[in-house]
Structures are given as C-alpha cells and as structure tokens.
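I have placed the structure first, in the form of structure tokens, so that the comments after it can refer back to it.
Readers should treat all values here as calculations from the given coordinates under stated rules, not as data from a laboratory. If you're wondering where the values come from, they're calculated on a predicted model, not measured in any experiment. Glycine gets a Cβ as well: all are built from the backbone with ideal geometry, and neighbour counts include every protein chain shown.
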Amino acid sequence: MNKSEKIIKILLSIWGNFKNWKPIKYSYNSFSKTSISSFPIIKEVENPNYSVIIISDTLLNQALNNNNNIQNYKTLKNILKDDTNNFCNNEFSFIANEVIISYGFGEFDKAKFIGNAMDFYYNLFKELAFYFTDLLSKLDNNQIEVIFDSTHGLNYNIILTYKALIDVLEILAYCYNIKLKVLNSDPLIGSNTNILNINIIQEIKVLPKLNVFKSDKRPIEPYFNLNKDEKKECGFFLNQLFKDNFSSDYKEKIYLFLGSFSYALPTFVFTYLMDFSDLKKYIQLISDKFEENIKINFLNKIEIKRTLEYRENFANFIKAFIVSFILNKFNFKQLQDIPLSKIKKISDIFFKNFPIEKNRIDKEIKDIEEISNHIEYDYKVYSIIKNNLRNQNVNFNLNINLNKNNDSNKVDKRNFFAHSGFEYNSIELKKLGNEIYIKVRDNKINEINSLILNSLAEIK
C-alpha cells in the first residue's frame, strides 16, 4: 500500500483453538466458500490492506510437542507465532501481517496458566496501540476501516479484545475518520444447516472518546493471588524498578496531559504535552519487566505463572502515548509560549467533533483577537489587561469570565473549565508582530494542577 491510497482497511480476527476447526460452508455478502474458518472468505470479500490475528498464550497447550524447548516466555511466544503462521500458510496459503499474543489463564492437559484475567486486555491494548501507531506513522491516510471478526473467539477473550480495540480506535478518532464493522457467523454447534452465515453485528462510525481514571497503584503490581513471600519479593523488585527509571511525579504528569486533552483545554495540552517516543520506551520497559517475571515451571505439566499484574495506570501510559502520537502527527510539540494560531489549529483538528467544546474555544480565541491592539510586548495577566480596558471604558465584552472581586490571585474553578482553560487569572498574554502568545502563570501552576487532577475520576 502506498501513501496515495485514501482508505486503510484492516481485518482483525480473534482465534481460539484453530487445530480443532472443521470444514463447513460460510456465506458472506452473497459469496460462499467451504473452509475451516470464516477468515478466508472475509479476507477475500473485504480485501483488506492488512490482516491481524489475535490469540491467547493458552494455545501453547495445542502447540506443544516433544521437540519444544521453552527457555523463557519469549521462546513461548515464538513457538505460538510460528505455529499460527504455519497453520495459515498450510490451510489458507497466506500469512497474516501480524500475530498478536496476549495472556490467558486456565488449566489444560499439557499446560497451566496462572495470572489476572485482565492482563489479556491491558497487554492487547498496548499491542494494538503499537500496531496502529506504527502503521499510521508510515502513511498519510486519514480514513481507517476496521473489520473485526469475532467468530472464533472464546469466552472473555472476545469481550476484552473488543474493549481494547474500541479504546484504541476512539482515541485515534480525534483526528482520523474511522469505521468499525464487527462480524460473527451463525453458531456451528447445534446448527441444522450446512451453511453458516457471517453476520454484521455492528457497523458504526467510531466517535472520539477518552476516559481517564486516577489510581494510587503503579502500572504493574504483584499478582493479587501470590503468597506473602512472593508478594514481598515482587514488591521489592517493583520499588527498585520505578525508583531507577521513573520520576516521582510520573503519574501526575500523565494525568495532567490526559486531563487537559479530555477536558478540551488547548493551552494546557501544549503545556503538558508528552513525547510519544519517550512514553513508548517506558511502556516497553514495563512490558519487558512484566514478561521477565513470568515463571515457567516444569512439573507434571508446564506451569506459566505471571507474578505481576497490570493496573489502570498502565492503560494511562498507553492512552498518553496514543494522544501524544496523534498530536505529533500534526507537528504539535510541548510549548510554554503558545501562539494563538496554534491553539486555533489544535481546536480545528482535534475538537471539531465536540461542538460545545469547540464553540467555547473559538469564542475565547475571538475575545482575545478583539483586544489584540491592547496586548503589549511583555506578558501581562489576562485579568489585568481586561480590567485596564474596562477602566478605560473600552467597549468590549468584559464581564464574562471575571471573578466577582477581580481577584488576580485566585483561579476560579467554574470559569476555568467553562472557558476551556482561558480563565483570566490563570494565563498571561503578549504580542509579537501579528502573533499573540499565551502562557500559564508560573505562580498559578500548582493551583491549576489541582483543579485538573481533582476533577478526574478515581478508581482503586
């Protein structure tokens, strides 16, 4: 695929135990085909540019043989990828562009998997975030069509895969036009027909959305079901990991950045914008350490035990990574002195689907532009500029967004959010040439931080 093509079409499929599949005729969009899977006919009809297969590591149970030499979790994943690719090549004469493996749990005849069920979601959220951003970094397209085939998914895997996929796509939808189609065939078991229809379960335009939740937990914590000694050992390891690699306020920085973006506070998006490449390194570091602490024991059967579990702050890392990636795609960087023209641009690109928030931002930009001739070459507090104009009886709309006492030492919470962060006492303005610049008042930064942080929902 080259950059000139307008739409990227991606087929994702969640698979269970594919070695137990049996041939049957599938029908989709007036086409029919006999196959052991719905995947080939969907691929043939939809003609995607890219295909992705998602599996659980519990499929190791079907891939094991006497020749397997599992030294660590990395070799385990390699076995599964090779097994999946060989299956695709032998059965369908093609190989998917990507095979994503996530963490499962349960006991089987050859292997036992121990760990938190939600690890499947958190790891898949990361893998899909990396996959989509890596793909989009090479392309200029702004339209994405995703087909999700859930026919072969099992139990909780379908739910968590859908959740991870939606969470990625909803953030990308701030600047990409995204369509999602979810497919599932008629059930084979109990069917009295020789043909299974592949049904469209959902077909939607994905709307932008970003949920941010605070938590006092680290991105990874000791698995809740460990014994006391194991928890102590893991706790010591994590204490050292985060002490050596993360600043003490790393969670707060992520909350401020994500909070500013989700609340449509453009001045503060620039102020707190994070480097997506740095975030990716941190996410990869956490993931690597997570897998290094997976214990593989050879008992009467292979036991794969995750001694750590992912928590919500890992998801916050991933969300911050995706948001910073899409901002970087449009050449937005962290700024302390922010041109008003860039605030207008970020509003036009990222908040166009939020008419209320965009209208507020546009109104604030217009108000500032109207007093352009009265803004000086040195920074002055916005409220002082407004008060000076009122004292001079300049005919502007001066009453909106002012505190009752015009107290320049107080940031009003209601005005702060109601005016998209353009609260008069929280920012300063200056003019250089034809450009107006905005910056956050240094002596108000802690007050503003508290407003954003205290407005975020908290989970345990």
Query raised in the report: When the Cα atoms of region 126-202 are enclosed in a convex hull and the volume is divided per residue, what value in Å³ results?
Result: 103 Å³
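Can you list which of the DSSP-assigned H helices in the chain have a Cα extent of 20 Å or more along the long axis and an average Kyte-Doolittle score of at least -0.5?
On the way: long enough: 73-92 (28 Å, -1.11); 119-137 (27 Å, 0.26); 156-172 (24 Å, 1.26); 228-245 (26 Å, -1.22); 276-292 (24 Å, -0.58); 312-329 (26 Å, 0.76); 355-370 (22 Å, -1.52).
Within the chain the helices that satisfy the rule are 119-137, 156-172, 312-329.
Can you work out the FRET efficiency for the pair Glu435 and Thr193, with r the C-beta to C-beta distance and R0 = 60 Å, to the nearest 0.05?
On the way: r = 68 Å, r/R0 = 1.14.
Efficiency for this residue pair is about 0.30.
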**Report entry** Spherically averaged projected area of region 1-149 from its Cα convex hull (nm²)
**Finding:** 10.3 nm²
Report summary line: region 348-397: spread of alpha-carbon positions along the three principal axes, whole Å, largest first, is 39, 23, 16
Query - Distance histogram for region 286-348 (every C-alpha pair counted, 5 angstrom bins, percent rounded to whole numbers) - result: 4, 12, 15, 14, 11, 10, 8, 8, 6, 5, 3, 3, 1, 0
Query - Using distinct alpha-carbon pairs, which all enter the 1/r mean, Kirkwood radius of region 64-186 in Å - result: 16.6 Å
Report task. Per residue of region 297-307, in order, report the coupling 6.51 cos²θ - 1.76 cosθ + 1.60 (Karplus, θ = phi - 60°) as ³J(HN,Hα) in whole Hz, putting x for Gly and Pro. Result -> 10, 9, 10, 5, 9, 6, 10, 10, 10, 7, 8
Query raised in the report: With the dipole of the chain worked out from charges on the C-beta (+1 for Lys and Arg, -1 for Asp and Glu) around the Cα centre, which of Leu124, Pro187, Ile436 lies farthest toward the positive end?
Result: Ile436
Requested in this report: Give the long-range amide H neighbours of Leu196: residues separated by 5 or more places, or on another chain, with amide H under 5 Å away, using H modelled in the peptide plane at 1.01 Å from N.
Outcome: Lys25, Tyr26, Ser27
Report summary line: Here the tail fraction of P(r) beyond 34 Å, over all Cα-Cα pairs of the chain, rounds in percent to 45 percent
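Taking only the alpha-carbon atoms of region 222-344, what semi-axes of the equivalent ellipsoid follow from 5 times the gyration tensor eigenvalues under a square root, in whole Å, largest first?
Working: eigenvalues 281, 39, 25 Å².
After diagonalising the Cα gyration tensor, the semi-axes are 37, 14, 11 Å.
What is the diffusion coefficient of region 231-303 in µm²/s, taking the Kirkwood radius over Cα pairs and the Stokes-Einstein relation at 25 °C with a viscosity of 0.890 mPa s? Show your work: numbers first, answer last.
Values: Rh = 14.9 Å.
The diffusion coefficient I find is 164 µm²/s.
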Query raised in the report: So what's region 1-65 giving for Rg/Rh, alpha carbon basis, Kirkwood Rh from the mean inverse pair distance?
Result: 1.07
Report task. Calculate I(q)/I(0) for region 290-449 by the Debye formula, one identical point scatterer on each C-alpha and no solvent, and give its log10 at q = 0.08, 0.15 Å⁻¹ to two decimals. Result -> -0.36, -0.89
Report task. Rounded to whole Å and sorted largest first, list the principal axis extents of the Cα atoms in region 157-235. Result -> 56, 41, 13
**Report entry** Label point distance in nm, Phe94-Asn65, each placed 7 Å from Cα along Cα→Cβ
**Finding:** 2.7 nm
Requested in this report: Could you sort out which of Lys209/Lys410; Lys209/Lys363; Lys9/Lys138; Lys77/Lys126; Lys112/Lys319; Lys77/Lys112 sit more than 20 Å apart by Cα distance in this structure?
Outcome: Lys209/Lys410; Lys209/Lys363; Lys112/Lys319
Report summary line: Inverse of <1/r> over all distinct C-alpha pairs of region 179-275, i.e. the Kirkwood Rh in Å, gives 18.6 Å
Query - Sites Glu107 and Asp442, calculated FRET efficiency, Cβ-Cβ separation with R0 56 Å, nearest 0.05 - result: 0.45
Requested in this report: Determine ³J(HN,Hα), in whole Hz, for all residues of region 207-222 in sequence, where each value follows from phi through the Karplus function 6.51 cos²θ - 1.76 cosθ + 1.60 and θ = phi - 60°; x replaces Gly and Pro.
Outcome: 9, x, 7, 9, 9, 10, 10, 7, 8, 7, 7, 7, x, 10, 9, x
